[in-house]
C-alpha cells in the first residue's frame, strides 16, 4: 500500500509540477525581461520586489489557512465536502472583497506608507489581484481535493502563458516601438513600466476566473455558520503559522528599504530580489510536492491507520534526495542560469546557494509539519514559525546595515533551520516517525563533498567547456548513486521495460 501511495504521489507531483516547476520556469522569461529593461541602477525592480512581497503577505492573511482547513474538514467523517468547500469559499470571498474595498478607499495613505506617494494605481491594481487570487486559492484547493490535477495545471499554465504574452507585447515590444517611434505610442512611457506590470497581473488573474466558474457555482451549497466556527477554531493557528511562514520569506524584502533607505536601498533590494529568482527552482519543487502531498496525507490519515509512518518517512527521504539534486544542478550550471537576470544584477548571485539551502530547510519543515496538523495542534506550527521569524528579523536588523543583502540571505537560512530543528525534535516526542536518517545523511554528505569539489574547481578559473564537463561528471556521480540505491532503472516507466528484459 505504501508503495502505491508513493507512486500516486510521484504522479501527482509530476502533474502539479507542470504548473509549478515548468510553469514558473517559463515565467522566468519575465525576469530577464524586467532586469534588462529596468537596469539595477534605476532601482525600479526593487519597487516590484517590495510590492510583491507585500502582496504575498496579504494573500496569506486573506486565505487565513482555509486551504489546509478545507482538506481537514472535507475528509472528516460525517462532513459533506461540498458544504465545507462552499463555507470556506464564501468566507474568503467576503473577506477578500472587503479588503479590496478598504485598500482602494485608502490607497493614497497606503502609498505614502509604502514610499510611493505618486502611484496610487499600484495599490488599486495589486489589492484587486490579491482579492481575486485569494478567492481562487480556495477553488484551486478544491480541484486538488477532487484530484483534478489536469485542470489545475491547465489553468495555471494558461495564466502564466497569458502573462508572458502580454509582458512580451506591452513591456518588450511596445517599449522598443516607443524608443524608435515615440509618436506611434503617445500614451506609452518607460517611467510607467511598473504600472503596466501590475495591470497585466490584474487582467490575467481576472481572466482565469472564467475557467473556474463550474467550481465557483458550488457556492450555492451555502454557508454553514456552525461549521465555520469549528473551521475557524482549527484554522486560526494555521493563519498564525502561515503569517510567520510568509514573513520568513518576505520580511527581509519588506524591511530592507526601512534599514537602508533611499534610492540605494531600492537598488540593492532589486539586485537581491533578482538573484533570489535564480534560487527559486527549489521553492517550485517544494510547492509542487506540497500540492500533491497535502491532500494525500489527510486522505491517508482519514482512511488508513497502517503504513502511515512509512509513507511519511519515504516522502521525506525522496524530497531531500531530489532537493539536493536540484541544488547541485543549479549550482553546477550557475554560469548558464545567471542569464535569467540582467548583467547589472549578477553581483547578487553569491546569495543563490544560501537561499537554496534555506528553501531546502523550508521544504523539510513543511514535511515535518503534518504531525501537529493531524493531531489538531496547529498552534505548534505558529510557535515554530514565529521563533524562526524572530531569528530572521534579528539577523536582518543587526547585520543588514553592515553586510547588506547577504545578511538577508543568511537570515532566511538561520530562520528556516531553526523552524526545522524545533519541529523535528518536538515532533519526535509528540508523534514519532522513524525517518531513515542514516540513508538521508549519506545523500547529504555526498552532495556536500561534490559541492566542495565544485567550489575548488570554480576557483581554478578553467575554460568554460572543461568546467562544464567536470561539473557534469560530478552531477552524474550523484545520479549514479541515486539510481543504484533508490531509483532502479527497471522501476521507471517506459524505459523500465527494457531494463527488466536485460
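Of the helices (runs of 4 or more DSSP H) lying entirely inside segment 87-202, those containing at least 1 residues that are modelled with pLDDT of 90 or more span 107-113, 120-145, 149-167.
Yes or no, residue by residue, for (1) modelled with pLDDT under 55; (2) part of a loop (DSSP other than H, G, I, E, B); (3) under 32 Å from the mean Cα position of the chain (by Cα); (4) on the phi > 0 side of the Ramachandran plot:
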{"position": "461", "(1), (2), (3), (4)": "no, yes, no, yes"}
{"position": "466", "(1), (2), (3), (4)": "no, no, no, no"}
{"position": "474", "(1), (2), (3), (4)": "no, no, yes, no"}
{"position": "482", "(1), (2), (3), (4)": "no, no, yes, no"}
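The rows are residues; the columns are (1) modelled with pLDDT of 85 or more; (2) out of contact with any strand residue (DSSP E or B) (no Cβ under 7 Å at 6 or more places or on another chain); (3) under 24 Å from residue 255 (Cβ atoms).
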residue	(1), (2), (3)
306	no, yes, no
310	no, yes, no
327	yes, yes, no
331	yes, yes, no
354	yes, yes, yes
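Taking segment 387-406 as the range and being in contact (Cβ under 8 Å) with a residue 40 or more places away in the chain and either touching a strand residue (DSSP E or B) at 6+ places or on another chain (Cβ under 6 Å) or within 15 Å of residue 258 (Cα to Cα) (or both) as the test, the residues that pass are 393, 396, 397, 400, 401, 404, 405.
Based on this model, can you work out whether residue 265 counts as assigned to a helix (DSSP H, G or I), on the phi < 0 side of the Ramachandran plot, crowded, with 24+ Cβ neighbours inside 10 Å and in contact with a helix residue (DSSP H, G or I) (Cβ under 7 Å, 6 or more places away or on another chain)? The answer is no for residue 265. The set of residues in segment 67-84 being over 17 Å from residue 219 (Cα atoms), in contact (Cβ under 8 Å) with a residue 24 or more places away in the chain and over 26 Å from the mean Cα position of the chain (by Cα) consists of 76, 77. On the basis of being over 22 Å from residue 242 (Cβ atoms), touching a helix residue (DSSP H, G or I) at 6+ places or on another chain (Cβ under 8 Å) and modelled with pLDDT under 85, does residue 74 make the cut? Criteria not met by residue 74. Of all residues in segment 407-431, how many are farther than 18 Å from residue 353 by Cβ and free of Cβ contacts under 8 Å to residues at least 40 places away in the same chain? Residues flagged as farther than 18 Å from residue 353 by Cβ and free of Cβ contacts under 8 Å to residues at least 40 places away in the same chain within segment 407-431 amount to 6. Tell me, please, whether a residue that is under 22 Å from residue 53 (Cα atoms) and out of contact with any helix residue (DSSP H, G or I) (no Cβ under 6 Å at 6 or more places or on another chain) can be found in segment 195-204. Within segment 195-204 (the criterion being under 22 Å from residue 53 (Cα atoms) and out of contact with any helix residue (DSSP H, G or I) (no Cβ under 6 Å at 6 or more places or on another chain)), the answer is yes, since at least one residue qualifies. Would you check if there is a residue in segment 164-181 being free of Cβ contacts under 8 Å to residues at least 12 places away in the same chain, in contact with a helix residue (DSSP H, G or I) (Cβ under 8 Å, 6 or more places away or on another chain) and surrounded by fewer than 19 Cβ atoms within 10 Å (Cβ to Cβ)? Yes, the conditions are met somewhere in segment 164-181. Restricting attention to segment 282-289, does a residue exist that is assigned to a helix (DSSP H, G or I) and modelled with pLDDT of 75 or more? No. Of the candidates 53, 40, the single residue that is crowded, with 20+ Cβ neighbours inside 10 Å, at pLDDT below 75, within 30 Å of residue 262 (Cα to Cα) and touching a helix residue (DSSP H, G or I) at 6+ places or on another chain (Cβ under 9 Å) is 40.
Answer yes or no as to whether residue 257 is modelled with pLDDT under 85, part of a helix (DSSP H, G or I) and within 28 Å of residue 432 (Cβ to Cβ). No: the conditions fail for residue 257.
On inspection, residue 217 qualifies as surrounded by fewer than 16 Cβ atoms within 10 Å (Cβ to Cβ), assigned to a helix (DSSP H, G or I) and over 25 Å from the mean Cα position of the chain (by Cα).
The values are calculated or read from the model by the stated rules, or taken from the named source; none is laboratory data. Just so you know, these numbers come straight off a predicted model, no measurement behind them. All Cβ positions, glycine included, derive from the backbone under ideal geometry; neighbour counts span all protein chains shown.
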